[in-house]
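Take a look at the structure below.
The values are calculated or read from the model by the stated rules, or taken from the named source; none is laboratory data. Since the model is a prediction, treat every value here as computed from it, not as a measurement. Don't worry about glycine lacking a Cβ; one is built from the backbone with ideal geometry, like all the others, and counts go over all protein chains shown. The protein model used for the area step is the full one, side chains on, heavy atoms only, and it has no ligands, DNA or RNA in it. Shrake-Rupley method; radii C 1.70, N 1.55, O 1.52, S 1.80 Å.
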Amino acid sequence: MRTWKKAVLFTGALVMVGGCNSDLEVNAPYKEITVIYGLPNRTDRTHWVRINKAFLGEGDAFLYAQIPDSNEYADGQLQNAIVEELDNGDVVNTFPLQDTILNNRVEGVFNAPQHKLYYFKTTQDINADHTLRFKVTAKGQDISATTAIVNDFTIYPSVANTSVKIGLVNSGGYLDYEVKWTSGKDGRRYQVNHVFQYAEVRNGTDTTFKAISLNTGTLVTGGLDGGEAMATTIDGEDFFQTIGSIIQPDASVEKRIFYGLDLVWWVASDEFHTYLQLADPVSGIVEDRPDFTNVTNGYGLYGSRYYKSVNRKQFNPETADELVNGPFTGTLQFCIPNSGFSCN
């Protein structure tokens, strides 16, 4: 009996479909959708915000994407574009957003190289205990988003002090070098890179400065109050193998000068971390994931980030010897200024 009812319903559906227009309307009625992206860093002096609109039309969407009017608001369509600095909910500073045309967008899906961005300037660091609230009225629609400000954090003295050298090798073999820090308030995700700084010299004076950036690790805090001990490591053998595979012997290079290893931290706010997490490639069976936005009456992300680095840490004597004479990099003609492996 239950099967019969289903068959009747299905037949009725076929009759209704047969009586309708066979043209399939793919496009929904037009609706203005504003898309926001902004990631202020408290120590910057210029803070950028991208304000675009989603678009829909008949035909090839990739062709529409190449037309600025399809995804950028025209002059006069945005009102009251501001960022407010809040202290416990009270407005203590208001920064009007200005627009500008930049010429640095790489060619791709959207129009390039010209593109419109919005910005505000500050004369000092944003107070780390405050929050920022973005607000704009786009063709009569009020849109807003709020983010906490990622605070500074403490790098362990042995890591932060450039006079304390990095050891990746000792008499017993390769070592792991531990990069340690303590989390700061409102920082959720810490991405750490180590950057190998060097130069290639040709024809005596023709010097080309280069850098190789390698991932050290990405860690996520358990909370947002700060004070969590965090650490990741540089594997000594893997480090030299990687450098030796990226840099190849070159007869035109007279010498390669090693200047030091930079340690670089990029820190993401809670909202930014969630956005990055959802943007990671799917590795499990379930492929569906929710869209993320923290924008009211719009889509996108308004979060916060923070940057910090320790520049040009040097190698201890055993590690320096490994770079100059070791099995992975010994044929690359490295030298190290102000050391036993001088570049003179």
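Before moving on, here are some points about what is shown:
- Selection from N170, T232, F258, by position along the positive dipole direction of the chain (Cβ): T232
- Under a Gaussian network description of the chain, with springs only between Cα atoms under 10 Å, the residue in T221, T147, T123 that fluctuates furthest is T123.
- Extension gain for Y156 to S339 (0.36 nm times residue separation, less C-alpha to C-alpha distance): 63.3 nm.
- Summarising the label geometry, the points placed 7 Å from Cα in the beta-carbon direction at F55 and I82 lie 3.1 nm from one another.
- To the nearest 10, the accessible area of I257 is 20 Å² with a 1.4 Å probe.
- Reachable aspartates and glutamates from K165, criterion Cα separation under 13 angstrom, eight or more residues apart if same chain: E178, D262, E318
- Within the accessible area of the range 117-187 (1.4 Å probe), percent carbon and sulfur: 45 percent
- Extended-chain gain in nm, criterion 0.36 nm per residue less alpha-carbon gap, N311 and N93: 75.1 nm
- Computing FRET efficiency as 1/(1 + (r/R0)^6) for A251 and L219, where r is the C-beta to C-beta distance and R0 is 35 Å, gives about 0.25.
- The chain: relative contact order as a whole-number percent, Cα under 8 Å and 6+ apart: 18 percent
- Cα-based shape type of the range 111-237, given that a ≥ b ≥ c are square roots of the gyration tensor eigenvalues and the cut on a/c is 1.5: oblate
- Note on the range 205-273: Cα convex hull, mean projected area over all directions, 7.1 nm².
- For the options D60, D186, D125, a Gaussian network treatment of the chain with springs between C-alpha atoms closer than 10 Å singles out D60 as fluctuating the most.
- Size of the chain from its Cα atoms: along the principal axes, largest to smallest, the extents are 87, 57, 47 Å.
- Computed over the range 101-254: relative contact order in percent, which uses C-alpha pairs under 8 Å that are six or more apart: 18 percent
- Surface accessible to a 1.4 Å probe, per residue, for the residues of the chain, Å²: 56 Å²
- Estimated vicinal HN-Hα couplings, Hz - the range 168-181 in sequence order (Karplus 6.51, -1.76, 1.60; Gly, Pro = x): 10, 8, 9, 4, x, x, 7, 10, 8, 9, 8, 9, 10, 7
- Mean separation of Cα contacts under 8 Å (6+ apart) over length of the range 41-152, as relative contact order %: 32 percent
- FRET efficiency for the pair V106 and R45, taken as 1/(1 + (r/R0)^6) with r the Cβ-Cβ distance and R0 = 41 Å, rounds to 0.95.
- For the range 327-344, 3J(HN,Hα) per residue [Karplus equation, 6.51 cos²θ - 1.76 cosθ + 1.60, θ = phi - 60°, Hz, x = Gly/Pro]: x, 8, 10, x, 9, 9, 6, 7, 9, 10, x, 6, 9, x, 10, 4, 9, 5
- Accessible-area composition of the range 189-310, carbon plus sulfur, in percent [1.4 Å probe]: 47 percent
- Label point of V264 set 7 angstrom out along Cα-Cβ; within the range 298-315, amide nitrogens under 14 Å from it belong to 306-313.
- In nm, spacing of pseudo-spin labels at K165 and D125 (7 Å Cα→C-beta vector): 3.2 nm
- For the range 305-312, 3J(HN,Hα) computed residue by residue from phi via the Karplus equation (6.51, -1.76, 1.60; θ = phi - 60°) reads 9, 8, 10, 8, 8, 10, 9, 6 Hz, glycine and proline entered as x.
- Theoretical ellipticity at 222 nm over the chain - DSSP helices of four or more residues, -39500 (n - 2.57) apiece, nearest 500: -5000 deg cm²/dmol
- 14 Å beta-carbon shell around D238, net charge (K/R +1, D/E -1): -4
- Kyte-Doolittle mean at least 0.0, axial Cα span of 20 Å or more - DSSP H helices of the chain: 2-18
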